[in-house]
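**Student:** Quick one: structure below, then a few questions.
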Amino acid sequence: MRMIVSKALFGPAIVLIAALLLPALVQAQTPNPAPVQQIAPAAATAPAASTADHPSPKSDIRFKLPQDLSPWGMFVSADIVVKAVMLGLAFASVLTWTIWLAKSIELLRARRALRQAIETLERARAWAEVTGPLADHREAGPMVRAVEEELRLSAGALNGDGLKERVASRLERLEAAAARRTIRGTGVLATVGATAPFVGLFGTVWGIMNSFIGISKQHTTNLAVVAPGIAEALLATALGLVAAIPAVVMYNLFSRWNAGYRALQGDAAAAVLRLISRDLDRGAFESRAAERRRAATAAE
């Protein structure tokens with residue numbers, strides 16, 4: 001019995017003794033790291049000295065990059081194609097603001113003059129009351145002269161419906177001419193608003209392409225090499241948006257102003273037709289035609 005118990009305890013006792021002695025044996029076999037720690041600083045300082053004596057191209061890249069990353073500095077250091085794109089977009093922006101200033105003054109003056117003419121036409125009770133005040137008017141003058149010309153040509157055949165139809169036809173042509181005059185120049189705004197972002201995007205694509213070419217030549221992907229070229233390229237897109245956004249806003253604004261101006265033109269034409277219709281009902285034009293015939297006969 002004792003022999004069986006001693007054999008059963010012998011195995012675990014051997015395992016426990018081996019577990020206690022194994023760390024000591026491993027530490028005894030490990031070499032002393034002190035010499036490695038003394039040699040490592042010397043080995044680490046050697047490449048540093050050689051790098052200082054012979055700087056690598058990567059360490060000198062920062063001296064070749066443009067230090068001025070302002071908009072003007074990026075424009076000066078940009079590629080010739082990107083510069084051309086930026087100059088074109090700057091010219092388009094200046095042209096947009098010039099058209100806005102000129103058309104704003106023109107439309108504001110025209111609308112104010114038309115309102116004054118409509119007030120004069122609404123106060124009049126006969127056509128003869130407006131021929132004098134509005135004969136040389138900036139906006140209503142062409143209408144007055146067109147009606148007077150039609151009355152002169154229709155002196156021998158003053159049929160009411162026919163005269164009103166001919167006068168309305170002349171007034172419609174004058175309204176169409178005024179509408180064409182007011183929208184002149186707004187097509188440039190539409191063109192700039194539609195194409196400026198794409199022109200700026202072309203400059204951006206070209207600049208980024210040149211940046212990747214520079215990366216391949218420098219054999220480095222350092223952000224200091226990539227960032228200036230990409231910033232110059234994105235400046236073209238920014239200029240495209242600066243030119244396009246005001247152009248679109250101004251085009252929509254002028255579209256509303258032109259619609260209001262055409263409405264005022266229609267109101268003035270309607271007021272003229274009402275005066276012509278009243279005088280036709282009164283027979284005023286027949287008396288004017290008779291007076292002209294008597295004056296022509298007396299002159300002969």
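**Student:** Read phi for every residue in segment 242-247 and hand back ³J(HN,Hα) as whole Hz from Karplus 6.51 cos²θ - 1.76 cosθ + 1.60, θ = phi - 60°, with x for Gly and Pro.
**Tutor:** Listing the rounded values in order: 5, 7, 7, 4, x, 5 Hz.
**Student:** Let me ask something additional. Hey, fewest Cβ within 10 Å first, where do SER216, SER211 land in order?
**Tutor:** Ascending Cβ contact count within 10 Å gives the list SER216, SER211.
**Student:** Within segment 79-128, report the trypsin sites (Lys or Arg not before Pro) that DSSP leaves as loop and that have at most 15 other Cβ atoms within 10 Å.
**Tutor:** ARG125
**Student:** Less than 12 Å Cβ to Cβ from GLY207, Lys/Arg counted +1 and Asp/Glu -1: what total charge do the surrounding residues give?
**Tutor:** Local net charge: -1.
**Student:** How large is ³J(HN,Hα) for each residue in segment 109-121, as worked out from phi by the Karplus curve 6.51 cos²θ - 1.76 cosθ + 1.60 (θ = phi - 60°), to whole Hz, x for Gly and Pro?
**Tutor:** 5, 5, 5, 5, 5, 5, 4, 5, 5, 5, 4, 5, 5
**Student:** So what's the convex hull volume per residue for the Cα atoms of segment 74-299, in Å³?
**Tutor:** About 137 Å³ per residue, rounded to a whole number.
**Student:** Which of ILE276, ILE118 comes first, and how do the rest follow, when ranked by fewest Cβ neighbours within 10 Å?
**Tutor:** Ordered by Cβ neighbours within 10 Å, fewest first: ILE118, ILE276.
We did not get these values from a lab; they are worked out from the coordinates using the rules stated. Fair warning: this is a prediction, and the values are worked out from it, not measured in the lab. Counting neighbours? That spans all protein chains shown, and the Cβs are built from the backbone with ideal geometry, glycine included.
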